[in-house]
Amino acid sequence: MTTVMGCITDDFTGATDLASQLARSGVKVSLRIGLPASRPANTAPIEIIALKIRNAPANEAVSQARSALQWLRKAGAQRFFWKYCSTFDSTEDGNIGTVAEALMDELDAAQTIYCPAFPENGRSVYMGNLFVGQQLLDESPMRHHPLTPMRDSNLMRLLEPQVTRPVALIDRTTVARGPDAIRGALEGLQTQGIAHVVLDAVTNTDLELIAQACCSMPLLTGGSAIASPLPRFCLKCGLLSHEKSRKPTRPPAPAGKPKTVVLSGSCSAMTQKQVRAYRARGVPCLQLDPLELAEDGPVAAVGWLKLQDLTQAPLVYATTDAETVRDAQEELGVTRAGDLVEHALAACAQAALEVGARRFIVAGGETSGAVTRALGVTRMEIGEEIAPGVPWTFARTGGRAIALALKSGNFGAESFFTDAQKKLDAA
Ligand code: ADP
């Protein structure tokens, strides 16, 4: 089937989040992990390519995003979406704007929008400033993120160093006046040569109005929530047809209790609570220390995991508070500390697969990328949402059917790790 909408995401949890939002429309969504190795075949009306480029140098990120765009164009896509985190996670030389500008050049697009708001998860943008709940982004726990500490909340200031063309804002007073007012403002800005437009959005209604105003632009950028209403508008204007997606192929139900492993490399405030809540249930848990991993590698963790009863869904985690992360980073460097943890959790995932685990619950965007790659997953089907932005996904690897729940740092309730298991058991 010809692809209409082509999406590129900067990490893997972002991709499953986007896929579940788009799948709410009933249109078939296909999710591919990494750049597909072969030419488009067996494609869906909405194709998503998940890249792992959030922390990559800008030139590397641009090159991968361009290749993904080419693949999506070959598949037939006419509208494109560049998805990043709803907290605009970027390193000091962040690449969100750089990638957007490169994609605009490829598509000959004079203008695009930036809309990370995700009201269901408490992310809103007002007067160009990003809020997490009631806190400004740079006053929220995101200021302590191990890889992308966010020390500014103003999207225009964050974006400007990442692009070469001018940036401006369409604020909520215009957004609230509806699609015609938004379109008029975009046209006005375009005549002034403004290529990059940040849009305020506080509620889902704001997102609807923006999506309606912008759905015919060749390239849109933002979080998953602005993408959610897009298929509906594409159905309305006849770009997408109403063929419903079939139910995803879930792994066969195990004979006894399912073998599950929970792997957490996120240090977000919410993941810290989720790990505490899960530990309190008396489940077997192992905490990783990057300093020990630097000395001895992941052998001990893998050995421990292989001895566990996987029907109890043991947890291996490196999740810890900001101060402990900082100590490890001072000793090892930011990248090495992160890599050691990601590598160890990926090795645990492989070992768990070997000894029979078929359900993987993973916390952390980068962590999910490392785990998914280690498991050799290249394509996923999207199942039920466990929490807003976190679906169960189903994949095959080496002839085995597995289920994965990939959770971005701050998503999910405190009981997420048990919520995920209950959701799949109930389905
Ligand atoms: P999130 O979704 O919360 O952003 P990520 O997995 O994307 O989570 O990022 C967390 C990063 O922090 C990963 O690179 C992970 O390896 C690293 N990390 C996890 N635990 C520790 C720790 N104890 N010390 C240093 N770095 C850590």
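Condition test on residue 367, is it part of a loop (DSSP other than H, G, I, E, B), within 8 Å of the ligand (Cβ to nearest atom) and within 27 Å of residue 148 (Cα to Cα)?
Criteria not met by residue 367.
Take residue 18 and decide whether it is surrounded by fewer than 24 Cβ atoms within 10 Å (Cβ to Cβ), touching a residue at least 24 places away in the same chain (Cβ under 8 Å) and not polar (S, T, N, Q).
Criteria not met by residue 18.
What pairs can you find where one residue is in segment 338-350 and modelled with pLDDT of 95 or more, the other is among the basic types (Lys, Arg) and surrounded by fewer than 24 Cβ atoms within 10 Å (Cβ to Cβ), and their Cβ atoms are less than 9 Å apart, with a gap of 6+ or different chains?
346/373
Please verify whether residue 271 is under 27 Å from the mean Cα position of the chain (by Cα), in contact (Cβ under 8 Å) with a residue 40 or more places away in the chain, buried (at least 23 other Cβ atoms within 10 Å of the Cβ) and near the ligand (Cβ under 10 Å from one of its atoms), treating the condition exactly as stated.
yes
Evaluate the following for residue 96: is it in contact with a strand residue (DSSP E or B) (Cβ under 8 Å, 6 or more places away or on another chain), more than 16 Å from the ligand (Cβ to nearest atom) and aliphatic (A, V, I, L, M)?
no
Every residue in segment 351-364 that is within 16 Å of the ligand (Cβ to nearest atom) and not aliphatic (A, V, I, L, M), please.
360, 364 - these are the residues of segment 351-364 that are within 16 Å of the ligand (Cβ to nearest atom) and not aliphatic (A, V, I, L, M).
Output the residues belonging to segment 261-276 that are out of contact with any Pro (no Cβ under 8 Å at 6 or more places or on another chain) and either in a strand (DSSP E or B) or hydroxyl-bearing (Ser, Thr, Tyr) (or both).
263, 264, 266, 271
Looking at segment 370-422, which of its residues are in a helix (DSSP H, G or I) and either crowded, with 24+ Cβ neighbours inside 10 Å or within 16 Å of the ligand (Cβ to nearest atom) (or both)?
370, 371, 372, 373, 374, 416, 417, 420
Residue by residue through segment 135-147, note down the ones that are within 14 Å of the ligand (Cβ to nearest atom) and under 20 Å from residue 167 (Cβ atoms).
If the condition is that a residue be within 14 Å of the ligand (Cβ to nearest atom) and under 20 Å from residue 167 (Cβ atoms), then 137 is the only one that fits.
Any idea which of (1) part of a loop (DSSP other than H, G, I, E, B); (2) within 30 Å of residue 397 (Cα to Cα) is the one residue 240 doesn't satisfy?
Unmet condition: (2).
When only residues in segment 1-29 that are in a strand (DSSP E or B) and more than 15 Å from the chain's Cα centre (by Cα) count, which is modelled with the lowest pLDDT?
Ranking the candidates gives 27 first.
Could you list all residues from segment 82-107 that are acidic (Asp, Glu) and over 18 Å from residue 13 (Cα atoms)?
Answer for segment 82-107, where residues must be acidic (Asp, Glu) and over 18 Å from residue 13 (Cα atoms): 92, 93, 101, 105, 106.
What's the total number of residues in segment 243-260 that are in a loop (DSSP other than H, G, I, E, B) and modelled with pLDDT of 95 or more?
Selection size over segment 243-260: 1.
Given the condition more than 20 Å from residue 110 (Cβ to Cβ) and surrounded by fewer than 19 Cβ atoms within 10 Å (Cβ to Cβ), answer yes or no: does some residue in segment 215-232 qualify?
yes
Considering 132, 125, which residue is within 16 Å of the ligand (Cβ to nearest atom) and either buried (at least 21 other Cβ atoms within 10 Å of the Cβ) or within 19 Å of the chain's Cα centre (by Cα) (or both)?
Just a single option satisfies the conditions, and that option is 132.
Out of 236, 259, report the one residue that is in contact with a Lys or Arg (Cβ under 8 Å, 6 or more places away or on another chain) and away from the ligand (no atom under 16 Å from the Cβ).
Just a single option satisfies the conditions, and that option is 259.
Collect the residues in segment 329-346 that are crowded, with 20+ Cβ neighbours inside 10 Å and either touching a Phe, Trp or Tyr at 6+ places or on another chain (Cβ under 7 Å) or more than 28 Å from residue 88 (Cβ to Cβ) (or both), keeping them in residue-number order.
Residue satisfying the conditions is 344 alone.
The values are calculated or read from the model by the stated rules, or taken from the named source; none is laboratory data. Note that the coordinates shown come from a computational prediction; the quantities given were computed from them, not determined experimentally. Counting neighbours? That spans all protein chains shown, and the Cβs are built from the backbone with ideal geometry, glycine included.
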